[in-house]
Amino acid sequence: MSGGSTDVFKQYASFYDAIYATKDYEAEAAFVHSVLQDRGVKPGSSVLDLGCGTGGHAVPLARRGYRVTGVDRSAEMIERARKKVAEASVEVDLEVGDIREVRLRRRFDAAIAMFAVMSYQCTNADLAAALATVRAHLDVGGIFLFDAWFGPAVLAQRPERRRLTATAPDGDRIERLAEPRLDVVNQTVEVRYSITRFRDGKRLETAHESHLVRFLFAQEIAYFLEQSGFRMAAIGPFMDLSRLPDERDWNVSILAAAV
Ligand SMILES: C[S@@+](CC[C@H](N)C(=O)[O-])C[C@H]1O[C@@H](n2cnc3c(N)ncnc32)[C@H](O)[C@@H]1O
């Protein structure tokens, strides 16, 4: 992330799970599991979850028997992940760290970065640094599964103003307005969020924050991966590596192998 957005997930953490309550982390973990299995990475193997957030994937993967280590630079997200891990009675190692520089001094069988984590690495230097981190934690043949915003779809569909409502665990209503600004030169979308909490119909608070997200193109992804010691093994629509993505696919999944 760049441009003063370092703590962008700080406030966001308190709304994150309510806003993404309908995101099907179980299905996503099942997808991760099937891709890992296909590549011979079975439950019991070690998985590094970069930008793990509140543990949405880490917990179900740990439940399936993977030994998961999650890293996120937001202490608030990690705090929430710790609670979820405890509630689920699973074991997950969690660390606060920046994926552009963290070094855990151990290797993993696989790494994942789910829900556009790599798209939050907006500059070329940040993207390369994050990929160097991934590579430093894998042996040759180790795999890396991630997803990103896909340039052709972002440019064809154009980001739109969106309003979303959700219910927080305490019953408060959360309303999130997302106002995007597209920058075709830097390949970014700045999404300005206004998140308002209502109780009994009354507005309690509004938090404002802005996320800068980079969209990527297939050749560029392949090139960055090659420069970082990976081979791009597959690219497809999010959670579907059976066909190539096109302008319909805002999110793409990418599978890379360390070489
Ligand atoms: C959209 S959230 C996804 C979280 C989680 N993977 C999920 O699927 O719910 C992006 C996450 O990436 C983290 N993140 C972004 N850039 C990071 C960096 N350079 N180092 C560590 N974490 C980062 C944020 O703190 C945030 O938790």
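Among 247, 205, 26, which one shows the biggest mean-square fluctuation in a GNM of the chain, springs joining Cα atoms closer than 10 Å?
205
Would you mind checking which residues have amide H under 5 Å from residue 94's amide H? H placed 1.01 Å from N; only 5 or more apart, or other chain.
70
Taking the Cα centre of region 124-259 as origin, work out the dipole magnitude from +1 charges on Lys and Arg Cβ and -1 charges on Asp and Glu Cβ, in debye rounded to 20. Don't skip to the answer; put the middle values down first.
Numbers: 17 positive and 19 negative charges, 89 e Å.
Magnitude of the dipole: close to 420 debye.
Is it possible to state the helix-based mean residue ellipticity at 222 nm for the chain, with each DSSP H run of 4+ residues giving -39500 (n - 2.57), the sum divided by total residues, to the nearest 500 deg cm²/dmol? What is it? Write down the numbers at each step before the final one.
Values: 7 runs with 76 residues, N = 259.
Mean residue ellipticity, 222 nm, calculated: -9000 deg cm²/dmol.
About its Cα centre, how strong a charge dipole does region 39-171 have in debye, to the nearest 20, once Lys and Arg get +1 and Asp and Glu get -1 at the Cβ?
Numbers: 20 positive and 16 negative charges, 54 e Å.
Taking the Cα centre of region 39-171 as origin, the dipole is about 260 debye.
State to the nearest 20 debye the size of the charge dipole of the chain about its Cα centre, where the only charges are +1 on K and R beta carbons and -1 on D and E beta carbons. Working shown, then result.
On the way: 34 positive and 36 negative charges, 41 e Å.
Using only the charged Cβ atoms, the result is roughly 200 debye.
Add +1 for every Lys or Arg and -1 for every Asp or Glu among the other residues with Cβ under 9 Å from the Cβ of residue 136, and state the total. Walk me through the intermediate numbers first.
Values: positive: 103, 107, 135; negative: none.
In short, +3.
Out of residues 5 or more away from residue 230 or on other chains, whose amide H comes under 5 Å of its own, with H placed 1.01 Å from N in the peptide plane?
259
What does the net charge come to around residue 94 if you take all other residues with beta carbon closer than 14 Å to its beta carbon, with K and R at +1 and D and E at -1? Before the final figure, lay out the partial values.
Details: positive: 67, 73, 80, 82, 83, 84; negative: 49, 72, 76, 79, 87, 91, 93, 95.
Once all neighbours under 14 Å are counted, the net charge is -2.
Residue by residue through region 107-121, what is 3J(HN,Hα) from phi via Karplus (6.51 cos²θ - 1.76 cosθ + 1.60, θ = phi - 60°)? Round to whole Hz and write x for glycine and proline.
Running phi through 6.51 cos²θ - 1.76 cosθ + 1.60 with θ = phi - 60° gives 10, 10, 6, 7, 10, 10, 9, 9, 6, 6, 4, 5, 6, 7, 8 Hz.
What is the extension gain from residue 242 to residue 132, computed as 0.36 nm multiplied by their sequence separation minus the C-alpha to C-alpha distance, in nm to one decimal? Walk me through the intermediate numbers first.
Numbers: separation 110, 0.36 × 110 = 39.60 nm, distance 2.73 nm.
Separation in residues times 0.36 nm, less the Cα-Cα distance, equals 36.9 nm.
On full extension of the chain, what length is gained from residue 227 through residue 105, given 0.36 nm per residue of separation minus the C-alpha to C-alpha distance?
That pair, residue 227 and residue 105, stretches by 41.7 nm at full extension.
Apply the Karplus parameterisation 6.51 cos²θ - 1.76 cosθ + 1.60, with θ equal to phi minus 60°, to every residue of region 91-99 and state each ³J(HN,Hα) to the nearest whole Hz, in sequence, with x for glycine and proline.
With coefficients 6.51, -1.76 and 1.60, one gets 10, 9, 7, 10, 9, 7, x, 9, 5 Hz.
Counting only chymotrypsin sites (Phe, Trp or Tyr not before Pro) that sit in a DSSP loop (anything but H, G, I, E, B) with at most 16 other Cβ atoms within 10 Å, what is the longest stretch of the chain containing none of them? Can you show the working numbers first?
Details: sites that count: 20, 217.
In the chain, the maximal stretch lacking such sites is 21-216.
Classify region 154-213 as rounded, prolate or oblate, taking a ≥ b ≥ c as the square roots of the eigenvalues of its Cα gyration tensor: rounded when a/c is under 1.5, otherwise prolate if a/b is larger than b/c and oblate if not. Mind dumping the intermediate values first?
Numbers: a/c = 3.62, a/b = 2.66, b/c = 1.36.
Here region 154-213 falls in the prolate category.
Using a 1.4 Å probe, what is the accessible area per residue for the chain, in Å²?
On the way: 11950 Å² over 259 residues.
Accessible area per residue: 46 Å².
Let me check I've understood the local charge: for residue 205, count other residues with C-beta under 11 angstrom from its C-beta, Lys and Arg +1, Asp and Glu -1. What total comes out? Walk me through the numbers on the way to the answer.
Working: positive: 197, 199, 202, 203; negative: 172.
Result for the local shell: +3.
Choose one of 97, 219, 13: the residue whose Cα lies farthest towards the positive end of the charge dipole of the chain (beta-carbon charges +1 Lys, Arg; -1 Asp, Glu; about the Cα centre).
Going by the Cα projections, it comes out as 13.
Please work out whether region 182-236 counts as rounded, prolate or oblate from its C-alpha gyration tensor, where a ≥ b ≥ c are the square roots of the eigenvalues and a/c under 1.5 means rounded, while otherwise a/b larger than b/c means prolate and anything else oblate?
Working: a/c = 4.42, a/b = 2.87, b/c = 1.54.
Judged from the Cα gyration tensor, region 182-236 comes out prolate (a/c at least 1.5, a/b above b/c).
If you take the square roots of the eigenvalues of the alpha-carbon gyration tensor of the chain and sort them as a ≥ b ≥ c, do you get rounded (a/c under 1.5), prolate (a/b over b/c) or oblate?
Details: a/c = 1.69, a/b = 1.22, b/c = 1.38.
Note, shape of the chain comes out oblate.
Per residue of region 238-253, in order, report the coupling 6.51 cos²θ - 1.76 cosθ + 1.60 (Karplus, θ = phi - 60°) as ³J(HN,Hα) in whole Hz, putting x for Gly and Pro.
Here the 3J(HN,Hα) series is 3, 6, 8, 8, 8, 9, 6, x, 9, 5, 7, 9, 4, 10, 10, 9 Hz.
The values are calculated or read from the model by the stated rules, or taken from the named source; none is laboratory data. Worth saying up front: this structure is predicted, and the values here are computed from it rather than measured. Cβ atoms come from the backbone with ideal geometry, glycine included; neighbour counts cover every protein chain shown. What goes into the accessible areas is simple: the full protein's heavy atoms, side chains included, and nothing from ligands, DNA or RNA. Shrake-Rupley method; radii C 1.70, N 1.55, O 1.52, S 1.80 Å.
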